[in-house]
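A short write-up of the structure that comes next.
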Amino acid sequence: SNGYRNSAIRFCDNGSSKKDIAMIKSVPLFIDGEFRQSVTEEWVDVTNPATNDVIAELPCATEPEMVEAITSAANAFQSWKAVAVPDRARLMLRYQHLLKEHHDELATLLSQETGKILADAKGDVWRGIEVVEQAANIASNMMGEMVENVATDIDTYSITQPLGVCCGITPFNFPAMIPLWMFPIAIASGNTFVLKPSEQVPLTSIRLAELFEQAGAPKGVLQIIHGRKQQVDFLLSHPDIRTISFVGSVPVAQYIYQTGTQHFKRVQAFAGAKNHMVVMPDANKAQVISNLVGASVGAAGQRCMAISVAVFIDGAKEWIPDLKNEMEKIQPGCWDDANAGYGPLISAPAKTRVLGLIQEGKDQGAVCELDGSQCTVDGFPNGNWIGPTLFSGVKTNMSIYQQEIFGPVLMCIEVDTLEDAIALVNNNPYGNGTSIFTASGGAARKYQHEIQVGQVGINVPVPVPLPFFSFTGWRGSFYGDLHAYGKQAVRFYTETKTVTARWFDDDIPSGPNFTIHLK
Ligand code: NAD
């Protein structure tokens, strides 16, 4: 409809048995309701991680383009905030319907730019759709409070109002879910939104915007600009932007939080992680092993909630050889290979970094039970492949323990007691997710209560909350106060106004009052 579908992203049969994205000239910006080509001189290659072929060119937006996007969002806010709340919710209902209708198409596109296997890509889209469903319930989450008769004939009530132009800066690893964590809730709350997607995976965001427009989103309510640090810096300091929602790596999250708050913006910055699964010897062994495999190497370990450390208590360490046998069966492959357990790493530099960490693990004395560094995949000699990798005998001073690897690498640490496991996890600077596998209610309850991590699974390996709750990472995994989606996100994207009201029922003036009411 806007010409973009025909000119930019096309699916074609490229002669092989695989359907791949055709060579694309350039990714458009989405400014003031138009998908348009940037006039920039600065372009970045977008690659297919299974082949490292260039599939698109991404423009780094110019300053005038960004000013236009922000100005258009600020103008759109003036009319959008006046739209009735149920009508804003209905936009989300239509959007949810369209996203479901295009679920497979979105997942296919997403698979090709991230390398994720199709089933996993479908989950990425689905988790985003669930947030849109929650955005359709916006009225309930925007409800204020009231106390009648705070003094004789006086009532106090609170109302919730949108802030203005909100901004999102997103990572490569969930190109549908993470943008959808942000703009549907912000927009349903009455704000307008400027999204800066990851420069590594911009195509899914553009398709999300096209469908949003098709659902009836008014012009200017959502804008997309592309780029890297320079563009982010511009957004962080622009006076018309009221909030920054960021998801990405630790150093960038810290930088975004510091710089955004320095410019007096409301900031929520979700950062990296090191997630531990604690395994008690009374746990169900088969469940432990299959859950550990999926949670560690799924999505090539490129999930902020991936399990990267298994903490075996006492006799549970005897299960490591069987864990190795199961991990060995998993092979990476291209997104449409039904036998592949996961896809490639996002980029060649990401692969080089993970290989370097695997080598450091070996050099520092961890036992490499399973080594995926030489992995190859037939037909894809240039892909960023790393096979499942398992270390045992890992110590907390090793770099593989101290750094977020973000690759298909699981490390095992052995401790004697639950108390030791809790101390280990609480000493790690991150606090995104953790889980305990056990048959003991008492142990699970103790773990849930004492652990300093914001999302806890009990016999659930990756405890990502559904969107009626919030995504509540703690400590080094989150900078800010109010988290993503759920009620917390609505509070993040709104301001509370508290009204104290009295209606006179006669004309007799009560005379000036110079004191504070004490009762
Ligand atoms: P990244 O930090 O490299 O990039 C994230 C975003 O920041 C991108 O849009 C990028 O363009 C921008 N950016 C990069 N460098 C910048 C700089 N110097 N200044 C300003 N902006 C900059 O992250 P990534 O590699 O895309 O994503 C992977 C990371 O995201 C992992 O660390 C992962 O744990 C984390 N993550 C966290 C969560 C969570 O909820 N806590 C969820 C998903 C991913």
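Values quoted throughout were computed directly from the atomic coordinates according to the rules given, and no laboratory measurement underlies them. Computed from a predicted model, the values in this text were never measured in an experiment. Glycine also receives a Cβ, built like all others from the backbone with ideal geometry; neighbour counts cover every protein chain displayed.
How about region 33-119: which GluC sites (Glu not before Pro) there lie in a loop by DSSP and see at most 13 other Cβ atoms within 10 Å?
Working: sites: GLU34, GLU41, GLU42, GLU57, GLU65, GLU68, GLU101, GLU105, GLU113; in loops: GLU41, GLU42.
Counting only loop positions with at most 13 other Cβ atoms within 10 Å, the GluC sites (Glu not before Pro) in region 33-119 are GLU41.
Taking region 323-361, which trypsin sites (Lys or Arg not before Pro) meet the DSSP loop condition and have no more than 15 other C-beta atoms within 10 Å? Please report the intermediate quantities before stating the final value.
On the way: sites: LYS324, LYS329, LYS351, ARG353; in loops: LYS329.
Sparse-neighbourhood loop trypsin sites (Lys or Arg not before Pro): LYS329.
For the chain, the relative contact order comes to 17 percent (Cα pairs under 8 Å, sequence separation of at least 6). Site pair TRP126 and ALA439 shows an inter-label distance of 3.1 nm when each label is modelled 7 Å from Cα along Cα→Cβ.
Using the alpha carbons of region 393-516, what is the convex hull volume per residue in cubic angstrom, as a whole number?
Working: hull volume 28.4 nm³, N = 124.
Enclosed volume per residue, from the Cα hull, is 229 Å³.
The Cβ shell under 15 Å around THR498 holds other residues with a net charge of -1, Lys and Arg each +1, Asp and Glu each -1.
Work out the length of the dipole vector of region 287-337 about its Cα centre, built from +1 on the beta-carbon of each Lys and Arg and -1 on the beta-carbon of each Asp and Glu, and round it to the nearest 20 debye. Please report the intermediate quantities before stating the final value.
Details: 4 positive and 7 negative charges, 32 e Å.
Computed about the Cα centre, the dipole is about 160 debye.
Computed from Cα positions, the angle between helix 418-427 and the longest principal axis of the chain comes to roughly 60 degrees.
Got a sec? How would SER440, SER470, SER198 order by Cβ neighbour count within 10 Å, fewest to most? Mind dumping the intermediate values first?
Details: SER440 14, SER470 21, SER198 26.
Placing the least packed residue first, the sequence is SER440, SER470, SER198.
Past the 22 angstrom mark, what percentage of all C-alpha to C-alpha distances in region 352-447 do you count? Summing the P(r) of region 352-447 above 22 Å gives 40 percent of all pairs.
Here region 125-160 and region 254-310 have alpha carbon centers that stand 31 Å from each other. Each principal axis of the Cα atoms in region 295-397 has its own extent, and those three values, largest first, are 43, 27, 24 angstrom. Taking the centroid of alpha carbons for each part, region 457-498 and region 165-208 are 17 Å apart.
Dividing the helix sum by the residues of the chain, where each DSSP H run of 4 or more adds -39500 (n - 2.57), gives a mean residue ellipticity at 222 nm of -11000 deg cm²/dmol.
Running Debye on region 228-280 with equal point scatterers at the Cα sites and no solvent, what base-10 log of I(q)/I(0) appears at q = 0.19, 0.20 Å⁻¹? Values, matching the q order: -0.60, -0.65. Size descriptors for the chain, from the alpha-carbon set: Rg then Dmax equal 24.9, 90 Å.
Can you give the percent of C-alpha pairs in region 26-86 whose distance is more than 20 Å?
On the way: 816 of 1830 pairs.
More than 20 Å apart: 45 percent of the Cα pairs in region 26-86.
Among bridges DSSP assigns within region 346-467, what percent are antiparallel (round to 5)? The antiparallel fraction comes to roughly 35 percent.
Show me the trypsin sites (Lys or Arg not before Pro) within region 394-446 that DSSP assigns to loop and that have at most 13 other Cβ atoms within 10 Å of their Cβ. Walk me through the numbers on the way to the answer.
Values: sites: LYS395, ARG445, LYS446; in loops: LYS395.
Passing sites in region 394-446 are LYS395.
Report for the chain the percent antiparallel among DSSP-assigned beta bridges with both residues inside it, nearest 5. Working shown, then result.
On the way: 33 of 72 bridges.
Percentage antiparallel, nearest 5: 45.
Using only Cα positions of region 65-185, each an equal point scatterer, no hydration layer, compute I(q)/I(0) via Debye at q = 0.19, 0.21 Å⁻¹ and quote the log10 values to two decimals. Listed by q, the Debye log ratios stand at -1.10, -1.19.
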